[in-house]
Amino acid sequence: MPELPEVETVRRDVWGRYGGQTLHDVTVTGRRTVRRHAPGLLSGLAGQRLASTGRHGKYLLLAWEDGRVLVVHLRMSGQLLAAAPGGRRPAHTHAVLGFGGGAGELRFVDPRTFGEMFLAGRAGRADGPASEPGLAELSHLGPDALVVDAAHFGAVLAGRRAPLKSLLVDQRAVAGMGNIYADEVCFDAGLRPDRPAGSLAPAELERLARSTHSVLEGAIAGRGSSLRDQQYRDLYGNLGRYQLEHKVYGRSGMPCPSCGQAVQRVEMGARRAFWCPTCQR
DNA sequence: ACAAATACCTGTAAGC
DNA sequence: TGCTTACAGGTATTTG
């Protein structure tokens, strides 16, 4: 499932192929994909050059010359796929951005239709991750996980009795982590996912911030995680390889890579968490 | 104010 | 073989 590392991988791919290219036409066939506004609104982007790309948490931002930003969220099953124009489009293709200059088309494919695209105003300037264009639609998000620090964790976790993991996947607290990376970050930081969020000592908050950065950066280097359903693909349809480096996520009963103890699975409400009972406290 | 539950979806896999 | 059921999970919304 696309979380921060997967979205960042796709962002870099998109910039590499479509950066500076002119958008010629937009085709929207999935109404639910553009549910925040009328489907025809995206056609107004035709003629614009892709000026920069950005990302905040799991939101991908495509900024155009005139300052408008196309916001893309892949949610569960969304994919952005590059293709030559004219080929047969895969099932569940809900929107297609047609570029000139031989760049071909950019397809939004999403079987479960949880994903969405919408047009927002006003772009940031720099091309890069975690740009802060100040979009009203994204104002509910906490700081991007790549730049969060211990002080911020301290502030948002203070006084909370909810499990640490629940806060790590809460995009209002910190933006970018989901089920996979919250578990991996907790393991790397040596913290139980079911620790009451407000119980972390200063040194633990420091470890949490450090592990958040290192785990997510490692996952970006590995081009993201493709799970057994192979739902996550990069722009060119290739699988990620960071799933090979997961220490605890989905590894219930298998030995912890650090100590050899069996990885445990704990139910936390409707969701679950994987963790090592000896390495995490 | 916070925490937990639920709705939204469909492809896949497990069970019968 | 074919049917039914459970499960996956990010976010918005509702309920407690």
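Each reported figure results from applying straightforward, stated rules to the coordinates on display, with no laboratory input. Fair warning: this is a prediction, and the values are worked out from it, not measured in the lab. When we count neighbours, we look across all protein chains shown, and the Cβ atoms used for this are built from the backbone with ideal geometry, even at glycine.
Once you reduce segment A:61-108 and segment A:2-31 to the center of their Cα atoms, the two points are 5 Å from each other.
List the trypsin sites (Lys or Arg not before Pro) within segment A:1-43 that fall in a DSSP loop (any state other than H, G, I, E or B) and whose Cβ has at most 10 other Cβ atoms within 10 Å. Counting only loop positions with at most 10 other Cβ atoms within 10 Å, none of the trypsin sites (Lys or Arg not before Pro) in segment A:1-43 qualifies.
Rounded to the nearest 500, the 222 nm mean residue ellipticity of chain A from helices alone is -6500 deg cm²/dmol, with -39,500 (n - 2.57) taken per DSSP H run of at least 4 residues. Considering only A:2, A:148, A:60, and ranking their Cα positions along the charge dipole of chain A that arises from unit charges at the beta-carbon of Lys, Arg, Asp and Glu, the one farthest toward the positive end is A:2. The spread of Cα positions in chain A, taken along each principal axis and listed from longest to shortest, comes to 57, 35, 29 Å. Considering only alpha-carbon pairs that sit under 8 angstrom and 6 or more positions apart, the relative contact order computed for segment A:150-275 is 22 percent. Remark: relative contact order (chain A) = 18 percent; criterion is Cα-Cα distance under 8 angstrom and separation of 6 or more residues.
The packing ranking, built from the mean of other Cβ atoms within 10 Å per residue, places the peptides A:146-154, A:80-88 in the order A:146-154, A:80-88, highest first. Between residue A:158 and residue A:136, the FRET efficiency from the beta-carbon distance, with R0 = 25 Å, is close to 0.35. Using C-alpha pairs under 8 Å with a sequence gap of at least 6, the mean separation divided by the residue count of segment A:58-206 gives a relative contact order of 19 percent. Estimated from the Cβ-Cβ distance and a Förster radius of 35 angstrom, the FRET efficiency linking residue A:46 and residue A:217 is about 0.45.
For chain A, the Cβ-based charge dipole about the Cα centre amounts to some 660 debye (Lys, Arg positive; Asp, Glu negative; other atoms uncharged).
As an exercise, use a Förster radius of 41 Å and the Cβ-Cβ distance of residue A:22 and residue A:278 to find the FRET efficiency, rounded to the nearest 0.05. It comes to 0.15. Using only side-chain charges placed at the Cβ, +1 for Lys and Arg and -1 for Asp and Glu, the dipole size of segment A:154-271 relative to its Cα centre rounds to 180 debye.
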